[in-house]
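S.K.: Just passing along the structure, written as structure tokens.
Please treat every number below as a calculation from the coordinates, not as lab data. Quantities reported herein were computed from a predicted structural model and do not represent experimental measurements. Cβ placement follows ideal geometry from the backbone for every residue including glycine, while neighbour counts extend to all protein chains displayed.
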Amino acid sequence: MSETKLNDRSKTILITGGSGLVGKALSQLLSQQGHTVTHLSRRPANGSFKTFHWDIKSGEVASEAIISANAIIHLAGAGVANKRWNYQRKKEIYDSRIDSTRLLRNKVKELNPNIEYFLSASAIGYYGWNTAAEAVDEDSPKGEGFLADVVEDWEKEVSKFDEIGIKNGKLRIGIVLSDKGGALSALAKPIKLLVGASLGSGNQYMSWIHIADLCRIFSFMLEKQITSVVNAAAPHPETNSAFTKKLASHLKKPLWLPNVPEFALRLLVGEMADMIIGGNKVSGRLIEEKGYQFRFNTLEEALEDLLI
């Protein structure tokens, strides 16, 4: 697959999902780098970045948003862990990714086929519920399960930008660690309340990434127009047990409870427990081979930065 370095001139970059945890941080970084950042949102509001309206279900996208863009970064999608899964929620998770990508491609084809690059978020859920201690990389086969099926079809839709002559990339994202909420806050809360414990066996791997590295990788891929599928995961994944212990140590809180058993997790969150009980030991070697250098290689470094 080809890679062409972008010109150094400032770009207008349209971001979907710009109001989310990653979208906010990425928008700030790209703006600081001199780019013009715009957003697509179902509910445009006054803010730091010009925001245009779109509605995936009705197929509406503000034309100016597409016409003015040099590149698109697609982050939008219903939260995987926000609600308990049932048929309707799983359909929403699937449709929000597939339909939104298809809508953007159709609008780009219609309004601005000269867009230079389309970069989409994806997920390490591609590798399946649990790959145990075996490291997986971008060449590893698709795994089993709902999320793997979603990611496969999602990435296929992104690849269809090839049909209209637009380079595209997919970034399979691990567990994002941020001081603004998300996974780290959820993991830290029970520990702070002195009821923290490892989950399931504790042996499942958690492939994490500091949000600053994630945003810099988005920028790196944008700059170089990388068309490969790329894993966004720090070089040193941790087991759930090790992660929990290191987080508790950093928070200076004891861990005294036994591991939360699998059946309890299934009672609590239903089918979503597969995400927690299973895990993936994901290698991010490809982005390093392309020249990216992680700022936060170890969990200790990330926690030191995020939980001062």
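S.K.: Can you list residues whose amide H is under 5 Å from Thr239's amide H, if they're 5+ apart or on another chain and H is modeled 1.01 Å from N?
M.R.: The answer is Met206.
S.K.: How far is helix 183-192 tilted off the main Cα axis of the chain, in degrees rounded to 10, range 0 to 90?
M.R.: 20
S.K.: Enumerate by residue number the trypsin sites (Lys or Arg not before Pro) in the stretch 186-287 meeting two conditions: DSSP loop (anything except H, G, I, E, B), and at most 15 other Cβ atoms within 10 Å of the site's Cβ.
M.R.: Lys252
S.K.: I've got another one for you. To the nearest 20 debye, what is the magnitude of the charge dipole of the chain about its Cα centre, counting +1 on the Cβ of each Lys and Arg and -1 on the Cβ of each Asp and Glu?
M.R.: The dipole magnitude comes to about 880 debye.
S.K.: Per residue of the stretch 138-154, in order, report the coupling 6.51 cos²θ - 1.76 cosθ + 1.60 (Karplus, θ = phi - 60°) as ³J(HN,Hα) in whole Hz, putting x for Gly and Pro.
M.R.: 5, 8, 6, x, 4, x, 9, x, 4, 5, 4, 5, 4, 4, 4, 5, 4
S.K.: Per the helix-only calculation at 222 nm, which mean residue ellipticity applies to the chain, given -39500 (n - 2.57) for every DSSP H run of n ≥ 4 and division by its residues, nearest 500 deg cm²/dmol?
M.R.: Counting only the DSSP helices, I get -11500 deg cm²/dmol.
S.K.: For Lys156 and Glu116 in one chain, what is 0.36 nm times their gap in residues minus the Cα-Cα distance, to one decimal in nm?
M.R.: On the way: separation 40, 0.36 × 40 = 14.40 nm, distance 1.90 nm.
Roughly 12.5 nm would be gained on extension.
S.K.: Kindly state, to the nearest 0.05, the FRET efficiency for Asp179 paired with Lys142, given R0 = 22 Å and r defined as their beta-carbon distance. Please report the intermediate quantities before stating the final value.
M.R.: Values: r = 33 Å, r/R0 = 1.51.
Working from the Cβ atoms, E equals 0.10.
S.K.: Under the rule of at least 5 residues apart or a separate chain, name every residue whose amide H is placed under 5 Å from the amide H of Gln225.
M.R.: Amide H to amide H, under 5 Å and 5 or more residues apart or across chains, Gln225 pairs with Leu6.
S.K.: Still on this structure: Go ahead and run the numbers for FRET between Leu251 and Ser58, Cβ-Cβ distance against an R0 of 45 Å, rounding to 0.05.
M.R.: 0.50
S.K.: Which trypsin sites (Lys or Arg not before Pro) from the stretch 8-101 combine a DSSP loop assignment with at most 16 other Cβ atoms within 10 Å? Before the final figure, lay out each step's value.
M.R.: Numbers: sites: Arg9, Lys11, Lys24, Arg42, Lys50, Lys57, Lys83, Arg84, Arg89, Lys90, Lys91, Arg97; in loops: Arg9, Lys11, Arg42, Lys57, Lys83, Arg84.
Answer in residue order: Arg9, Arg42, Lys57, Lys83, Arg84.
S.K.: Taking a cut-off of 21 Å between Cα atoms, list the lysines near Lys50, but don't count ones fewer than 8 places away on the same chain.
M.R.: Partners within reach: Lys11, Lys24, Lys107.
S.K.: Follow-up question, since we're still on this one. Between Ala78 and Asp95, what is the spin-label point distance in nm, taking each point 7 Å from the Cα along the Cα→C-beta axis?
M.R.: 0.7
S.K.: Check the straight Cα-Cα distances from Lys281 and name the lysines below 23 Å, setting aside those fewer than 8 residues away within the same chain.
M.R.: Lys142, Lys170, Lys245, Lys246, Lys290
S.K.: At 0.36 nm per residue, minus the direct Cα-Cα distance, what do Glu163 and Arg42 gain on full extension? Give it in nm, one decimal, please. Walk me through the intermediate numbers first.
M.R.: Numbers: separation 121, 0.36 × 121 = 43.56 nm, distance 2.74 nm.
Answer, rounded to one decimal: 40.8 nm.
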